[in-house]
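What follows draws every value from the coordinates through simple rules; no lab data is involved. Note that the structure is a prediction, hence the values are computed from the model and not measured. Note: ideal-geometry Cβ built from the backbone for every residue, glycine included; neighbour counts use all protein chains shown.
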Amino acid sequence: MKIIRYFLEFTLVISFFLIFKIIGLKLSSKLGEIIGKYFGPLFRKKIIVKKNILIAFPNIDEKSINQIIDGMWKNIGRIFGEYIHINKFSLLDNEMNKIVFINKNNLQILMNNNKPIIFFSGHFANFELMAKCLRELQFNIGAIYRPLNNIFLNPIMEFIRKKYICPIQIEKGPSGTKKLIKHISTKNPLALMIDQRLSSSIRVPFFSQPATTTTTPAQLSIKYDALLVPVFLKRLKNTNYEFFIEEPLVVKKTNDYEKDIFNITEIMNKKIEEFIKVDPTSWLWSHDRWK
């Protein structure tokens, strides 16, 4: 039954991709917003989304909760509509759909640095564009990703990622570990999302409640003396974005490895919290983060 469901999902997505390709980026993004608004809630229970929002914002009122939920589904729909047009976005080319680069001074700090860099973020706005921006800034990024469960759709998405976003795609899990180690050990930068559960995880406070969080960035930071650099993407309006590269995190290491792993991971979670507070409608609240 799963195979049949995956094939039907694949057929539906490809059909929409063809429509999006024909009607162009701006109309695709708008149509995606409508699809997300009306059909997105059918795929995730509102009770989970609402529970997550209340953990992050315990004093929020019902109207604001509904505004965040509505904004989230609209944003997810826009990501869907924009995906086939991902090559039309650029941080540097003014002729394309411009992504405005904020705090450029931090780029110089990183360029003058001789350490490996781990760029981290969460699922904000059209999150795929963050790795694309870093590639345009001449970082030889290795992007860590989780393959889709859909065996028909995953090859298509991987093709788009490799061709238009980041050619070095490193699969999460044992199969990608060797490639990941080789990449960072030669001082090449990595990019990954830290706002979902992974196998190599510990429970660390996230909005003051324990949440299972990956320890991979902290482990790599300690082993390779790598900088941990937060990046963030904010949707301004329709298909326009702002891209942020923040200063490297200040990490105080001790002789206690487990304590350092916990502290570093907690600091990273705090940074994701800050980003969520800046633009709560752009984050993926439907994932059961505190399960």
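Quick notes on this one:
- With the charge dipole of the chain set up from +1 on Lys and Arg Cβ and -1 on Asp and Glu Cβ about the Cα centre, the Cα lying farthest toward the positive end among the listed residues 181, 114, 28 is that of 28.
- Long-range HN-HN contacts of residue 213 with modeled amide H, under 5 Å: 202, 203, 204
- Top of 119, 101, 206 by mean-square fluctuation, Gaussian network on the chain, Cα under 10 Å: 101
- Long hydrophobic helices in the chain: the complete DSSP H runs spanning 24 Å or more by Cα along their own axis with mean Kyte-Doolittle hydropathy of at least -0.5 are 2-23, 62-83, 257-278.
- Straight-distance crosslink candidates among aspartates and glutamates, where the alpha carbon sits under 20 Å from residue 259 and sequence neighbours closer than 8 are dropped: 225
- Proximal aspartates and glutamates to residue 63, defined as alpha-carbon separation beneath 18 angstrom and excluding residues fewer than eight positions away on the same chain: 279
- Taking the empirical scaling 2.2 N^0.38 Å for compact globular proteins as reference, region 144-291 has a Cα radius of gyration ratio of 1.09.
- A protection proxy built from the mean count of other Cβ atoms within 10 Å ranks the segments 57-69, 103-115, most packed first, as 57-69, 103-115.
- The alpha carbon centroids of region 234-287 and region 55-125 are separated by 12 Å.
- Karplus-derived 3J(HN,Hα), 6.51/-1.76/1.60, for each residue of region 231-236, Hz, glycine and proline x: 10, 8, 10, 10, 7, 7
- Direction-averaged projected area, Cα convex hull, the chain: 15.5 nm², rounded to one decimal.
- Listed residues 43, 152, 20, most fluctuating in the chain (Gaussian network, C-alpha, under 10 Å): 43
- Overall, region 9-55 carries a charge dipole of about 280 debye about its Cα centre when +1 sits on the Cβ of Lys and Arg and -1 on the Cβ of Asp and Glu, all other atoms neutral.
- In sequence order, region 162-172 has phi-based couplings of 5, 7, 10, 10, 7, x, 9, 9, 10, 6, 5 Hz under the Karplus curve 6.51 cos²θ - 1.76 cosθ + 1.60, θ = phi - 60°, and Gly or Pro positions carry x.
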